[in-house]
Amino acid sequence: MFFQKLGKFVVRYPIAILCFWTVFTLAAAVLPPHWDDVTLDGDLAFLPAGLPSVEAERLFREAFPQRQAKSQLVFAISRSDEPLTEDDLKFADNMASPLQNTQGVILFRAATDDAIVQPKQPEEELPTPVQYAIDAWQESALLDANNWQPLWNMAYASQQYGDAEAGQTFRQQAIAIRGELENEALGLVPVDPLDWNQFDVLTRHTLVRGDMLASKNGHAVLIVVESRNEFMATDNIRVLQEASQYVDVWRERAQAAGLTHLQIGVTGNAAIGGEMLMAAKESIANTELYTIVLVVVILLLIYRTPMLLTVPLLSIAVSFIISSWLVALLTQVHLLPGMDWFDFKVFKTSRIFIVVILFGAGTDFCLFLIGRYREELVRCRDHDWAIAQALAGVGEALTASAMTTVVGLGMMFFADFEKYRNSGPAIGLCLLITLLTCLTLAPAIMRFMGAILFWPWGDTRQFVERSRPVSAGWWERIALLVCNRPGLTLTVVVLLLGIVGFPSLYKRITTGRAVEVSYDLFGDLDSDRMAKQTALRIRNYFPLGESGPLTILAVNPSGQFMETEGQAITNQLAETIFDTDTEVERVFTSEQPLGDRPAGFSISSRGRHIWMLKNHRRTKEFFLAQEPKWSGQIAMFRVLTDRNPFSNEAITLMENIELHLRDKIATLPPPWNKTKIYIQGTTPSIRDLMQVTTQDQKRIELGVIVAVFFVLLVILRRPMVCAYMILSVLFSYYVTLGITEIFFRTVYADSYQALDWKVPLFLFVILAAIGQDYNVYLATRVFEEQKRLGLREGLLRGMTTTGGIITSCGLVMAGTFASMCMGTLLGVIEIGFALTVGVLLDTFIVRTIMLPCFLALMNRFSSETNHSQAGDPPQENLSV
């Protein structure tokens, strides 16, 4: 009744509806906030509070506030044929010199921009931030004797603080390098330095940490720029682009200097994060482009009238603009008075799912509306009447279809992982807007365009005749085949697909996981990206864990790690870490700042070097907490292993280290036996991500099953049919997982580890929700026809009339998911492939065979029961 009234309203007031959606769209396109301004990204930054890695990170920031770096850019200079020569090392130092100079400029500006510069007294020291800037310029000048910029900057800084003599000395040294500076006024250079939000620049000459930056075999050296940016901060895209340009410049200089054997690149977690964000951005752009092209091509093939394309394309475009704006607007609700509890976030990668689901589902909605409109045109040539009747006929089915998806996605709200908790409802909201546009805007466009819709066919009669599906005869034969032998057909299909699906189901029952998954974010990147190429290359010279070392905090409020007893405890704990596994390469501590195994004082040059470093002020600041609250109570261990920090093997090694340390601590005398261990870094964060997402997946899967079942029950009011629909889609889910794993294991045989960790969850939620659409479309039409024609004929009629249109919808939806495979992130490609396979299975197996077979068997059972109750013998061919 409601949709009949809605159909009449749309036909009567199309201009008003068009004006409303036009104004709404323009407002959404113009008014802030905009999607790109509020979207976030990353995984490890959104772990729930209370997890071990999050607690370790909080403690680390509290105890070592001077350690503000959150990510790193690592410039690698290496050669494979022999160790680096003096000329090679000098070239590497020259490459680091401008970075140190820039660091000094940034530090000096930060120290003086908000402060009034006061000339210092003769015996007075410079302010600490200014002294840090001077230190950076001095190192820059030492790294490259021909770099005049740090000398010029020191001259300017000395002049600013009233040290004219030092300023004049530095100025003359700079002029000696570059004579044209004679008539130039002092100032900071460069004026616009490359600002990577850096906190520090480390080279092989840096005290305490410099020894970590040269390989043992002498084939490679690293230059590290520590950044305040998070690992997946969106600003890292810009940082990576500028760093890549910097590398290109120095590659050209190496060529010009005849150092063609040098391999120069940039990596580090900041660069890898930037690469991942760039890949995600490219994946989004590719997905949008290929989705639109695919939808246009499929619609042209189906209807062969270009004007009819405007109905779904305009409807989807409007819904996309409005829904994206509404989602962005929700991120600002917490700014309202009293709404600080509403902390909604939206992520850049969610856009991929919004695009494919909106275009896929929106096109499906419009296809069903137009398909029913075509049927009504056959009965009556009246354009307006056909639109109203079409909307009345499919409105309930479209709403039901959308609600299964919205409710299914909404179950992700109950996840602990923020990215899940926010992404599901956001996509669901976008789908609701798409449903509203398809129920109002789409028919209004059809009503407004009138006969123009049928160009170039000219009138409704020619359109109906030429657009009649040529496959109608095929669906009649398929319907008869299914209805005549439902039991045999269903058994054969289940057994054949079960060969692929049952192993995944068995694993899920026995181990809790249907397939093995990988949390290797690094593995998602294409091998042709510079950050990954450089990382793979330096693995030949540095331990695999160099890009993600373990930071272990030993906390004992009753002890003092600065004292002799505490130093001995530090050595014992370091020895325990070394003894855990041969994969432990180096353990850096306040007692062994070069990462060596603890040993007594040695008269060798390295022994003397270690003794000098362990007593250096910067060593104490780096490894021992200096904050008054934690002074001497926290010792830091920096552990390098020879395992990929994202891998399951690294997690196992970390857990073994943790276990050995706890066992060792239990044997220590009081108060040291009360020491607590916290581990911070990539590997513990991956472990916590694995734990929380595994728990979330179980919770979400149960919620989706229950929620979708009740939605189906409200729509169909047939518990057995609803339960079977759920089981059939679950069956296709496990079959899809099996096919996906086999495919990627075969195609990526050399590098394949496991499916990306996001594949099982997103596949389950989207397939369990969207996969019910076609079941609902078929079932509602079958039940409608059975009221008029009876059980058998109604089933045949329902299958025949919906066969072509549901297949078209399935192809459109599968095609939009297939567009995700055009991206550059392997995880997104895997999700796109799995969803494509899953939708095709639902379209051609579940909806075409499994559901009709079940309905036919139910019809047969119902018919036999009725005959038995009436006292008549069952007649075999009366009903199927």
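The values are calculated or read from the model by the stated rules, or taken from the named source; none is laboratory data. These numbers come from a predicted model, not from an experiment. Neighbour counts are summed over all protein chains in view; Cβ atoms, including those assigned to glycine, are modelled from backbone coordinates with ideal geometry.
Name the single residue that is nearest to the chain's Cα centre (by Cα) among those in region 154-181 being closer than 21 Å to Leu142 by Cα and of a type in the set (Phe, Trp, Tyr). The selected residue is Tyr156.
Restricting to region 156-185, and then to whatever is among the hydrophobic types (A, V, I, L, M, F, W, C) and closer than 21 Å to Arg109 by Cα, can you tell me which residue is modelled with the lowest pLDDT? The residue in question is Ala164. Considering every residue within region 744-752, establish whether at least one is under 25 Å from Leu496 (Cα atoms), modelled with pLDDT of 90 or more and in contact with a helix residue (DSSP H, G or I) (Cβ under 7 Å, 6 or more places away or on another chain). The answer is yes; a qualifying residue exists.
Here are some residues: Arg171, Arg178. Which one is basic (Lys, Arg) and surrounded by 21 or more Cβ atoms within 10 Å (Cβ to Cβ)?
Values: Arg178 fails: surrounded by 21 or more Cβ atoms within 10 Å (Cβ to Cβ).
Within the list Arg171, Arg178, the selection yields Arg171.
Annotation: Tyr290 fulfils all but one of (1) surrounded by fewer than 17 Cβ atoms within 10 Å (Cβ to Cβ); (2) over 21 Å from Arg447 (Cβ atoms); the unmet one is (1).
Kindly provide the set of residues from region 642-675 that are among the small types (Gly, Ala, Ser) and either on the phi > 0 side of the Ramachandran plot or buried (at least 16 other Cβ atoms within 10 Å of the Cβ) (or both), ordered by number. If you could, list the steps in order and put the result at the bottom.
First pass over region 642-675, keeping only residues among the small types (Gly, Ala, Ser): 647, 650, 666.
Once the filter is applied, which keeps residues that are among the small types (Gly, Ala, Ser) and either on the phi > 0 side of the Ramachandran plot or buried (at least 16 other Cβ atoms within 10 Å of the Cβ) (or both), region 642-675 yields Ser647, Ala650.
Yes or no: region 741-755 includes at least one residue that is out of contact with any strand residue (DSSP E or B) (no Cβ under 6 Å at 6 or more places or on another chain), among the polar types (S, T, N, Q) and touching a residue at least 60 places away in the same chain (Cβ under 8 Å). Yes, there is a match, as at least one residue in region 741-755 is out of contact with any strand residue (DSSP E or B) (no Cβ under 6 Å at 6 or more places or on another chain), among the polar types (S, T, N, Q) and touching a residue at least 60 places away in the same chain (Cβ under 8 Å).
Mind listing whichever residues of region 501-527 are touching a residue at least 40 places away in the same chain (Cβ under 8 Å), surrounded by fewer than 17 Cβ atoms within 10 Å (Cβ to Cβ) and among the hydrophobic types (A, V, I, L, M, F, W, C)? Phe502, the sole residue that qualifies. On the stretch given as region 528-550, residues that are surrounded by fewer than 19 Cβ atoms within 10 Å (Cβ to Cβ) and either part of a helix (DSSP H, G or I) or in the same structural domain as Trp630 (by TED's automatic domain parsing) (or both) total 4.
Comparison of Val327, Val356, Val295 shows that the only residue that is hydrophobic (A, V, I, L, M, F, W, C), more than 21 Å from Thr25 (Cα to Cα) and in a helix (DSSP H, G or I) is Val295. In region 87-120, the residue that is surrounded by the fewest Cβ atoms within 10 Å (Cβ to Cβ) out of those that are small (Gly, Ala, Ser) and modelled with pLDDT under 85 is Ala115. Put simply, of Gly424, Gly362, Gly428, Gly410 the only residue that is closer than 24 Å to Arg12 by Cα and either touching a strand residue (DSSP E or B) at 6+ places or on another chain (Cβ under 6 Å) or assigned to a helix (DSSP H, G or I) (or both) is Gly362. Can you work out which of the residues in region 55-86 that are among the aliphatic types (A, V, I, L, M) and buried (at least 19 other Cβ atoms within 10 Å of the Cβ) is farthest from the chain's Cα centre (by Cα)? The selected residue is Leu84.
Which condition number does Val296 fail, the rest of (1) surrounded by fewer than 20 Cβ atoms within 10 Å (Cβ to Cβ); (2) farther than 30 Å from Phe368 by Cα being met? So Val296 meets the others, but not (2).
Please determine, by comparing only the residues of region 16-73 that are in a loop (DSSP other than H, G, I, E, B) and of a type in the set (S, T, N, Q), which one is modelled with the highest pLDDT.
The first filter runs over region 16-73 and keeps only residues in a loop (DSSP other than H, G, I, E, B), leaving 31-34, 39, 41-43, 47-51, 64-70.
Applying the additional criterion that residues be of a type in the set (S, T, N, Q) yields 39, 66, 68.
Values: Thr39: 83, Gln66: 73, Gln68: 68.
Of everything passing the filter in region 16-73, Thr39 is modelled with the highest pLDDT.
Residue-level check: of (1) over 23 Å from the mean Cα position of the chain (by Cα); (2) modelled with pLDDT of 90 or more; (3) among the hydrophobic types (A, V, I, L, M, F, W, C), Val295 misses just (2).
For (1) closer than 29 Å to Asp37 by Cα; (2) assigned to a helix (DSSP H, G or I), each residue gets a yes or a no:
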site	(1), (2)
Glu226	yes, no
Met232	yes, no
Gln245	yes, yes
Arg253	no, yes
Leu259	no, no
Met276	yes, yes
